[in-house]
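The values are calculated or read from the model by the stated rules, or taken from the named source; none is laboratory data. A quick note: this is a predicted structure, and the numbers were derived from the prediction, not measured. Methodologically, a virtual Cβ is constructed for each residue, glycine included, from the backbone with ideal geometry; neighbour enumeration extends over all protein chains shown. Just the protein is used for accessible areas: all its heavy atoms, side chains included, with ligands, DNA and RNA removed. Shrake-Rupley method; radii C 1.70, N 1.55, O 1.52, S 1.80 Å.
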Amino acid sequence: MRRWQLTFVFGFVLVLVRAQVLEASGSDSLAAFLPEVTGWRLAEPPETYTPDNLFDYIDGNAELYLSYGFRRLVSAMYVPEQGSEDEAIVVDVYDQGTPLGAFGLYSSMCRPGLTYGEVGCEAIVSPLQVRFWQDRYEVEINGADESQAELLEKFARSVSAKLPRCGEIPELKWLPEDGQVPHTLKYVADGFLGQDFLPGGFEAKYRVHGTVVTAFVTQCSTEDSARSCLHRYVGALEKFKGAVAKQDGRFWGVAHKYVGHVWVSVEGPWLYGARCETEASAARVVAERLRERLREIAGMRR
Amino acid sequence: MREQQTVSRREFVRRTLAGGLALAIPHVAKANADGQRKEPPRVQYRTLGRTGLKVSVVGFGAMRTSDPNVIHHALDLGVNYIDTACCYMDGNNEVIVGTVLKSRRDDTYIATKVHIASEKKMMASVERSLKRLQTDVIDVIQLHSMKKREHVLNETAMNALDKMRKKGYVRFVGFSTHKNQVECIDAGIESGFYDMVLVTYSFKTDPEIEKAIARAAKAGMGVVAMKTQAGGYKKHDLGDWSPHQAALRWVLRNPNVATTIPSMVSFAQVDENVAVMGTKFGARDAKALERYGQLLDHEICRFCQDCDDRCPAGVSLIDVNRVLMYADGYGDLDLALRTAKQEGTAETLQACAACSECLVRCDYGLNLSERVRRVRELVGAMA
């Protein structure tokens, strides 16, 4: 046998052995997070998706996941050991690259009025689905019918136990927690405030004497860059016919029937502000509160 | 069998020239040569099949839009067709669109989607959509993501849609399809039930789908095109030129397409897409798309998986392509190296050394030998 043939055969055997070891140990990193629940088994081998074929699995919804840094998905269907496929439970573990990506994706689905649970860093729980985020992963457990609600949580907890623990995302503290309407804090990765030139940013809702105000903040590379973004943002809002923009102290204010009342300013590298549909004064109160918060953070950084 | 066949260069040029009358008309080509034009867009409308709705040829794909002002801006520029779905952002996308509709319902046609389920669940879904959209009627409801003929002809679903129409929840019914599109479109025509169809259609689309679109239009179904940019990487070394406008113009050359729904998240994207209205596909567009197409064809793996298990040494060429996608496409060397490590690509490529060149041929013409060599360099650097 020639040398290259020997090398070929040796290599081939190596590959086969490795493949078997991988199969036995389930060493695919995402597959290792799949749940183990007594009485349930995998209906078929898990499927993996990448950014190039995520559309095949979730169609147009894929764009949202991609915008939050999607890297890979493992999807597995479970069926009862003794039962039919009609009772199948599907587990999807999305690797979003970073904890912020996972939180951002999860937060895009949140709103007040849903039921939230304590799985992972936080979970949205419904009779047919448990969705949670933890570390850089967003996990979705989907059931076949409403009788499986408790079971879904069991699956979710099994996945959660295998994932890295929740860490702190410092940026989530930029918007003050005091007065924040629960489950309204969002991270928008792409097109924050409708502008391509802004980096990803955060928004959350607040109540001021019964009026809802949305606060927003993003961090630019420098204070100069933040000022430049401020002027471009005000310019964009002024595109609306009849929009009125004026400077009032450290804030720029814009008012328009679609935009509502917006106050926006810069604090160090942060571009921040607040908007309210009906009351300029309520938006200003929240914008001022946000400024204080950012100054506090800047002080802590020094 | 793969549904969407690649379009050969000759076929691409034939198809673009056939409709690209602008190539023979110098002043039209010159008008397009400037890329973005300065004057306000001339809004163009077409009729959405038998619905009779006069829709702007550039519609609004809202699936990722988080700021309602972006939608307001598009409506101000003449866009009047918004597409969303009950599942986008788990319902929040409809909430965002609803904040716009509540003050501008008369300016807008709204299209959303419902998944096939029991009649009770489908009715409940559309009732939730009405509430989130802050409207009392949805203009177009679409069955979400039909993948085969049986889905399109599902009687339970059709009965539910009919009931929605009779109850005044919706005006017109249709479906969206991403896979087996020809089969699904033909089933829709055969049923005589659907008013419209939402299809994947771009300059990279299989000509058979284009023919099916023509049949649908002839049968009175309105055709809405999605994924008009053909996907691909965001970063391309194409100078100061963007393929988006050219890709959109290419789609709009086809009179059987009533409107398009490019996804838009910013004012700038709205400006770029809306500017296409009232312009014609020109020589510069044809050239630019040909170049973009070449990039898509020869630099980008489609992950069709046809090369899987073909390597006699057991090298996973899918993993090789994935590592390169992360390294070259996303510019994320760290992810590329981690993927190579996780998948054991470095080890399997040891076996690859036995061949002087790659024995596997890519159906799409990717140079696999070169790609394997690149990954060997990368993982070598890792070691």
Just how large is the dipole of the protein assembly as shown about the Cα centre, in debye to the nearest 20, putting +1 at every Lys and Arg Cβ and -1 at every Asp and Glu Cβ?
2100
Within the range A:31-120, list the GluC sites (Glu not before Pro) lying in a DSSP loop whose Cβ has at most 10 other Cβ atoms in a 10 Å radius.
A:Glu81
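Find the relative contact order for the range B:59-193 and round it to a whole percent, using C-alpha pairs within less than 8 Å whose residues are 6+ positions apart. Walk me through the numbers on the way to the answer.
Working: 231 pairs, mean separation 28.1, N = 135.
About 21 percent, as a whole number.
What relative contact order, as a whole-number percentage, does the range A:165-244 give when Cα pairs under 8 Å and 6 or more residues apart are counted? Intermediate values should be presented prior to the final figure.
Values: 84 pairs, mean separation 17.2, N = 80.
About 22 percent, as a whole number.
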Where only protein heavy atoms count, and the probe is 1.4 Å, what is the accessible area per residue for the range A:47-168 in Å²?
38
Sorted by accessible surface (1.4 Å probe, heavy atoms of the protein chains only), largest first, B:Trp250, A:Trp263 come out as A:Trp263, B:Trp250
Around A:Thr211, under 9 Å between beta carbons, what's the net of Lys plus Arg minus Asp minus Glu among the other residues?
-1
Between B:Ala117 and A:Asp196, the two model label points (7 Å from Cα along the beta-carbon direction) sit apart by a distance in nm of 3.8
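What's the extension gain from A:Cys166 to A:Lys239 if we count 0.36 nm per residue and subtract their Cα-Cα distance? Mind dumping the intermediate values first?
Values: separation 73, 0.36 × 73 = 26.28 nm, distance 4.22 nm.
Contour length minus the Cα-Cα distance gives 22.1 nm.
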Sequence neighbours fewer than 8 away in the same chain don't count; with that in mind, list the aspartates and glutamates whose C-alpha is under 14 Å from A:Lys246.
A:Glu238
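So, with a 1.4 angstrom probe, what is the percent of accessible area on the range A:218-283 that is carbon and sulfur?
Details: 1390 of 3030 Å².
Looking at the range A:218-283 in its full context, I get 46 percent from C and S.
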May I ask for the net charge around A:Leu100, where only other residues with Cβ less than 15 Å from the Cβ of A:Leu100 are counted and Lys, Arg are +1 while Asp, Glu are -1?
-4
Among the lysines, which have Cα under 17 Å from the Cα of A:Lys162 when same-chain residues fewer than 8 positions away are ignored?
A:Lys154
Partners for B:Lys102 among aspartates and glutamates (Cα-Cα distance below 18 Å; same-chain residues under 8 apart left out)
A:Glu277, B:Asp67, B:Asp76, B:Asp83, B:Glu94, B:Glu127, B:Asp136, B:Asp139
Low-density loop trypsin sites (Lys or Arg not before Pro), the range A:236-274, at most 10 other Cβ within 10 Å, DSSP non-H/G/I/E/B, are A:Lys241
Given the options A:Tyr258, A:Tyr187, A:Tyr78, which has the most mean-square fluctuation in a GNM of chain A, springs set between C-alpha atoms less than 10 angstrom apart?
A:Tyr258
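Which whole number gives the average count of other chain Cβ atoms within 10 Å of the Cβ atoms across peptide B:69-77?
Numbers: counts 13, 5, 2, 7, 6, 0, 1, 4, 1.
So the per-residue partner count for this stretch is 4.
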Surrounding net charge for B:Asp67, when Lys and Arg each add one and Asp and Glu each subtract one, Cβ distance under 12 Å:
0
1.4 Å probe accessible area per residue over the range A:257-300, in Å²:
40
The range B:137-287: relative contact order in percent, alpha carbon pairs under 8 Å with at least 6 residues between:
19
What percentage of the solvent-accessible surface of the range A:124-184, computed with a 1.4 Å probe over protein heavy atoms, is contributed by carbon and sulfur atoms?
49
How much accessible area is lost when chains A and B come together, counting both sides, with a 1.4 Å probe, in Å² rounded to the nearest 100?
4200
Leaving out ligands and nucleic acids, and using a 1.4 Å probe, what accessible area per residue does the range B:117-184 come to in Å²?
45
